[in-house]
1. Among the residues of region 36-81 satisfying the criterion of being in a loop (DSSP other than H, G, I, E, B) and at pLDDT below 95, which is surrounded by the fewest Cβ atoms within 10 Å (Cβ to Cβ)?
2. Take the residues in region 1-35 that are within 22 Å of residue 74 (Cα to Cα), free of Cβ contacts under 8 Å to residues at least 24 places away in the same chain and part of a loop (DSSP other than H, G, I, E, B); name whichever of them is nearest to the chain's Cα centre (by Cα).
3. Output the residues belonging to region 19-35 that are loosely packed, with under 15 Cβ neighbours inside 10 Å and within 21 Å of residue 57 (Cα to Cα).
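The values are calculated or read from the model by the stated rules, or taken from the named source; none is laboratory data. Owing to the predicted nature of the structure, the values given are computational and were not obtained by experimental measurement. Quick reminder, even Gly has a Cβ in these numbers, built from the backbone with ideal geometry, and neighbours come from all protein chains shown.
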């Protein structure tokens, strides 16, 4: 199984709308890819900062697509990239 991870880096002076990403973008992405050959699952993670411990995240979000093979992933993803 292949895990293809998209990393959305934290950028100074930028805004990442996680609610939009989770509730609009990802459902559309899942709609486009989930019926493809070899699709297994998708997961999304949100970067967390713990200011009281001075711990910052380098990423605002991570998306993990799981497919049986790299070919399955590329065949599903590239027409929409």
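1. Filtering region 36-81 for residues that are in a loop (DSSP other than H, G, I, E, B) and at pLDDT below 95, the one surrounded by the fewest Cβ atoms within 10 Å (Cβ to Cβ) comes out as 81.
2. The extreme case among them is 34.
3. Hits for region 19-35 are 19, 20, 22.
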